[in-house]
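Below is one structure, written out as structure tokens, with a few remarks after it.
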């Protein structure tokens, strides 16, 4: 009896030390050594100040910045409330949201037609935190951004191409443009005041 209790206690203590002490420390150490940026949230800094993460989108509303994908996470891009809208294809609320998003895009980008709007410009992602847009969504906004910044539209489109990344490892997903990084690149090319983190 006592031998069984001793064995159970010893195994419990050993597993506690391994799984609650050694293992987490090893994983933390490897993360900080081999994947420091990713392990610390893939943060983006500018002038020594953290302005966001490459993994979490932000809401930009000013005409001189590219706008992110609509978000259903909390009040928008809330990492603590990551979620899709959970609205089905027959939902009247979903159709109302889509119509509102389409109208907003048309008002923000004069001269375009509803059938030219890429789907990711008016729909939310499953997480509500998507930091990327499709290159087509960025291209559609290029004229508005160029006009607001008094830039040549070809210059803005060239920047979009430079900021476009391909599928992961060349096979997973689609090409995309990180909205925050694109807006920061715009500011580096032709600064405007105030900076994008205060233009949300």
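Some points to look at:
- Residues (surrounded by 15 or more Cβ atoms within 10 Å (Cβ to Cβ) and in a loop (DSSP other than H, G, I, E, B)) located in region 38-58: 54, 55, 57, 58
- Those residues of region 111-123 which are loosely packed, with under 14 Cβ neighbours inside 10 Å, modelled with pLDDT of 90 or more and either not assigned by TED's automatic domain parsing to the domain that holds residue 165 or not in a helix (DSSP H, G or I) (or both), in sequence order: 113
- Residue within region 93-108 that is under 14 Å from residue 66 (Cβ atoms) and surrounded by 13 or more Cβ atoms within 10 Å (Cβ to Cβ) present: yes
- Single match in 84, 68, 126 (criterion: assigned to a loop (DSSP other than H, G, I, E, B), under 15 Å from the mean Cα position of the chain (by Cα) and under 15 Å from residue 184 (Cα atoms)): 68
- Among the residues of this structure, residue 90 does not count as one that is closer than 26 Å to residue 181 by Cβ and either touching a strand residue (DSSP E or B) at 6+ places or on another chain (Cβ under 7 Å) or part of a loop (DSSP other than H, G, I, E, B) (or both).
- Of the residues contained in region 60-83, one or more are found to be in the same structural domain as residue 179 (by TED's automatic domain parsing) and without any contact (Cβ under 8 Å) to a residue 12 or more places away in the chain.
The values are calculated or read from the model by the stated rules, or taken from the named source; none is laboratory data. Everything numeric in this text was worked out from a predicted model, so none of it was measured. Neighbour counts are summed over all protein chains in view; Cβ atoms, including those assigned to glycine, are modelled from backbone coordinates with ideal geometry.
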